[in-house]
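J.: I have a structure here, written as structure tokens, and I will follow up with some questions on it.
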Amino acid sequence: MRLLLGWLGYGLLALAVAMLILSFWVPPDAFKALNTALPAGVLIALAGHLLSQARNAAESREKQSRFYLDSSIQAYEEAKKLLSSGSNDRATWIAAGRALKHATELTEKVTVDEHLRVLEVHKLKYRGFFHDLLKDKTAAFFYGVEDSTLPIDDAATLSTAPEEKNGRTTSSTLKSLSEKSIHAIWEAAQFPEEYRDPLNQEFSAEEKGRLMLFYPGLHEFLEHTERYHSASGKLFPRGNQSDR
């Protein structure tokens with residue numbers, strides 16, 4: 001709608017300018033009928049109104065996108081804050097998972113390109129946090145027990161053991177983390193399939209030549225990686241799999 005209003009506005013403005021120019025070339029009698037039917041001033045006023053509406057639509061779109069950007073970052077931050085202590089409390093993980101799901105829905109409504117770039121910078125930070133949260137956890141941790149070093153069978157047993165709270169004994173509790181909440185956190189740690197990595201350029205030969213003078217250590221490193229590659233703690237010449 002914003003683009004349509006803009007095109008219409010500029011189109012009417014161009015038509016008004018054309019009518020004014022034609023007034024100098026078209027015979028007075030012929031131009032008088034055209035000018036009476038659709039005065040250039042009316043076209044200019046209408047064009048101005050449409051362009052104003054287009055500008056208002058653009059500002060509204062920017063404000064709406066900014067609102068969803070700020071809201072999504074706030075939701076991500078809430079999930080991070082809930083899990084920063086390293087707790088494996090079931091209710092805490094469910095709350096964090098719900099916050100992340102809200103964050104995902106809010107990010108889909110961010111429409112301004114600059115806002116999307118800012119959002120991606122924040123998501124890079126959150127991906128790292130949620131990745132680290134999951135990567136080194138034992139199986140017992142996900143059963144919600146205090147001692148995450150327990151064998152998995154013992155952890156599973158304790159995850160539903162009776163408890164006494166406020167003088168009352170419950171015959172069974174549920175401590176294990178909800179798989180749905182775990183999935184939401186795992187999802188927040190992943191790069192999307194359509195992710196476009198901004199790191200897409202290496203040093204050109206000309207740039208490497210300039211490095212020799214100002215950054216000799218970096219130049220030596222790049223030259224070395226062109227001649228050798230390292231694997232399994234050994235160094236191999238490029239194009240030759242024999243040990244160096």
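The values are calculated or read from the model by the stated rules, or taken from the named source; none is laboratory data. All values derive from a computational prediction rather than experimental measurement. Virtual Cβ from ideal backbone geometry, glycine too; neighbours counted across all protein chains shown.
J.: Just to be sure before I move on: is Thr111 in a loop (DSSP other than H, G, I, E, B) and in the same structural domain as Ser72 (by TED's automatic domain parsing) in the structure I sent?
T.: In short, yes.
J.: Tell me, yes or no, whether segment 162-171 has at least one residue that is modelled with pLDDT of 80 or more and under 40 Å from the mean Cα position of the chain (by Cα).
T.: Within segment 162-171 (the criterion being modelled with pLDDT of 80 or more and under 40 Å from the mean Cα position of the chain (by Cα)), the answer is no, since none of the residues qualifies.
J.: To continue, here is another question. Do we find that Ala189 is within 19 Å of Arg90 (Cβ to Cβ) and among the hydrophobic types (A, V, I, L, M, F, W, C) in this structure?
T.: In short, no.
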